[in-house]
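K.L.:
Structure provided below as structure tokens; questions to follow.
Here, each number is a calculation from the coordinates, and none is a lab measurement. Fair warning: this is a prediction, and the values are worked out from it, not measured in the lab. Cβ atoms come from the backbone with ideal geometry, glycine included; neighbour counts cover every protein chain shown.
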Amino acid sequence: TMALGGSAVAGRRRHVLLFPLAYQGHINPMFRLAGILHGRGFAVTVFHTHFNAPDPSRHPEYRFVPIPDGMSGPAPVAIEDVVSHILALNAACEAPFRDRLAAVLEEYSGDAVACIIVDTHLLSMVEVATKLSVRTLVLRTGSAACLSCFVAYPLLIKRGYLPVQGTELPPYRVRDLMQLGKRHDLTCKLLERVVEAVKASSGIILNTFDALERRELVKLRRDLDMPVFDIGPLHLFSPAAAAESSLLRQDRRCLKWLDARPAASVLYVSFGSLACMSARDLVETAWGIAGSGVPFLWVVRPGLVAADGLTRLPDGFEEATRGRGMVVEWAPQEEVLRHAAVAGFWTHGGWNSTTESVCEGVPMLCRPHFGDQMGNARYVEHVWRVGFEVAGALERGGVEAAIRRLVTGSEGAEMRARAGELKKAAKECTGEAGSSGLAIGKLIDHMLAL
Ligand code: UDX
């Protein structure tokens with residue numbers, strides 16, 4: 001069973017250190033990676049901020065090292081706040097991380113530590129580790145196509161494409177690229193730091209797979225000229241990890257509810273852990289869902305509506321949809337998507353949600369909010385053709401029509417068939433002789449040879 005990178009179980013270099021960025025969409029892939037490496041014989045130590053700290057009791061097999069981050073106050077909501085929050089976390093953690101990493105290294109004396117794997121948003125930690133002579137790999141939680149964009153940003157800005165019109169990154173259009181927002185300077189800095197973290201590392205790990213992004217991976221390898229390990233979809237290797245690393249309690253009652261629904265009949269609706277909508281959009285979404293007549297499972301997370309923190313469904317919605325809908329605060333998403341009753345996924349298009357959906361053959365309605373989500377929606381609609389974007393102002397009539405087109409229309413059935421092909425391809429890639437299975441072996445050999 002240890003055929004690939006089997007030497008990992010040997011006595012030396014059997015520790016791997018991890019430092020995830022403390023957002024759900026970044027924590028999940030890092031813990032999925034942890035599960036893979038632990039399964040191959042590595043002892044795992046996780047450095048983490050106090051902000052969104054993991055619960056060590058849910059991972060008794062790992063060691064946890066908290067890093068004081070000096071952050072207080074509520075989690076960020078607007079994208080500008082997320083950008084400055086990430087930069088602030090880097091600054092605040094740098095010194096305490098240096099101390100704790102040095103202490104851990106002293107404790108695991110000799111060459112027991114193979115390397116540290118750091119989220120690409122934590123450049124300061126990459127620099128600290130490099131100064132302490134620890135080999136560093138980075139985990140980028142988005143797509144290969146998105147990373148190529150980040151690499152190209154300085155050029156796009158220099159040539160005046162950003163923040164204006166035109167791109168040289170087909171199939172992306174300008175509107176599919178990450179918008180720089182009000183704090184233009186900060187967002188540029190954030191992206192530059194991602195690319196710097198990548199270039200300072202000894203290799204990059206991507207949660208994608210060959211059959212999904214073959215051309216994009218070729219391009220990225222050409223652009224970066226460094227080892228790229230496409231070992232995704234990570235959740236297929238580490239199926240229990242996301243449930244254990246969930247920051248909100250997953251409401252499992254919805255699985256029972258799905259059990260009672262006919263096959264391919266339900267629309268699953270969730271906008272991930274960060275996306276916020278206006279109170280008006282929530283109302284249009286609700287009445288669109290109600291008007292479609294399609295059964296639904298909807299994740300309405302606390303804080304989904306930004307303005308006043310009050311997330312309330314419109315009066316009359318519950319009565320209008322009684323018997324054919326369920327609303328939960330947070331769902332066991334992987335299991336929901338795997339459930340036979342689910343016909344389609346209305347998503348914000350986060351990379352985790354996108355890959356989790358294609359791996360279960362579930363077609364998507366995309367309503368991107370920020371960051372890499374516009375680009376992901378573009379791939380869903382125009383490259384893989386497993387769904388389409390709900391663009392423009394949200395109106396209940398448009399929402400209704402989009403839901404019907406996806407769930408009950410013949411076009412939706414074609415998208416479902418294509419998603420089914422991707423599901424098969426993902427299965428093949430994650431087999432022992434598949435591209436991702438082989439890449440895990442290569443990654444481990446690389447870690448041991450660093
Ligand atoms: C963010 C960005 O939006 C995303 O584009 C980027 O690539 C990673 O960081 P987020 O917005 O939270 O992440 O979305 P997504 O990437 O889809 O991750 C959400 C995770 O939470 C998924 O793994 C999903 O399975 C999980 N989830 C979501 C639940 O467990 N329950 C839910 O109800 C909803």
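K.L.:
In whole angstrom, and with the biggest value first, how far do the Cα coordinates of region 306-450 range along each principal axis?
P.N.:
The Cα atoms of region 306-450 stretch 61, 39, 30 Å along the principal axes, largest first.
K.L.:
Would you mind giving the three semi-axes, in whole Å and largest first, of the ellipsoid equivalent to the chain according to its Cα gyration tensor?
P.N.:
35, 24, 23
K.L.:
As I understand it, the value is the acute angle between the Cα axis of helix 410-429 and the longest principal axis of the Cα atoms of the chain; what does it come to in degrees, rounded to 10?
P.N.:
20 degrees
K.L.:
Pull out a ≥ b ≥ c, the square roots of the eigenvalues of the alpha-carbon gyration tensor of region 197-279, then state rounded if a/c is under 1.5, prolate if not and a/b is larger than b/c, and oblate in the remaining case.
P.N.:
Prolate, because a/c is 1.5 or more and a/b exceeds b/c.
K.L.:
Send over the semi-axes of region 48-133's equivalent ellipsoid, whole angstrom and largest first, taken as the square roots of 5 times the C-alpha gyration tensor eigenvalues.
P.N.:
For region 48-133, the ellipsoid semi-axes come out as 25, 16, 11 Å.
K.L.:
Running Debye on region 175-331 with equal point scatterers at the Cα sites and no solvent, what base-10 log of I(q)/I(0) appears at q = 0.08, 0.09, 0.10, 0.21 Å⁻¹?
P.N.:
For region 175-331 at q = 0.08, 0.09, 0.10, 0.21 Å⁻¹, log10 I(q)/I(0) is -0.38, -0.48, -0.59, -1.31.
K.L.:
Sticking with this structure for a sec: Among ALA449, LEU105, THR187, flag the residue with its Cα farthest along the positive direction of the charge dipole of the chain, charges on Cβ as +1 for Lys/Arg and -1 for Asp/Glu.
P.N.:
ALA449
K.L.:
Counting pairs of alpha carbon atoms under 8 Å apart in space and at least six apart in sequence, what relative contact order in percent does the chain give?
P.N.:
The value is 17 percent.
K.L.:
Cα to Cα, under 30 Å, and not fewer than 8 places away if on the same chain: which lysines meet these conditions relative to LYS189?
P.N.:
Within the straight-line cut-off, LYS189 pairs with LYS131, LYS158, LYS199, LYS219.
K.L.:
Along its principal axes, what span do the Cα atoms of region 272-320 show, with the longest given first and each in whole Å?
P.N.:
Ordered largest first, region 272-320 gives principal extents of 28, 21, 14 Å.
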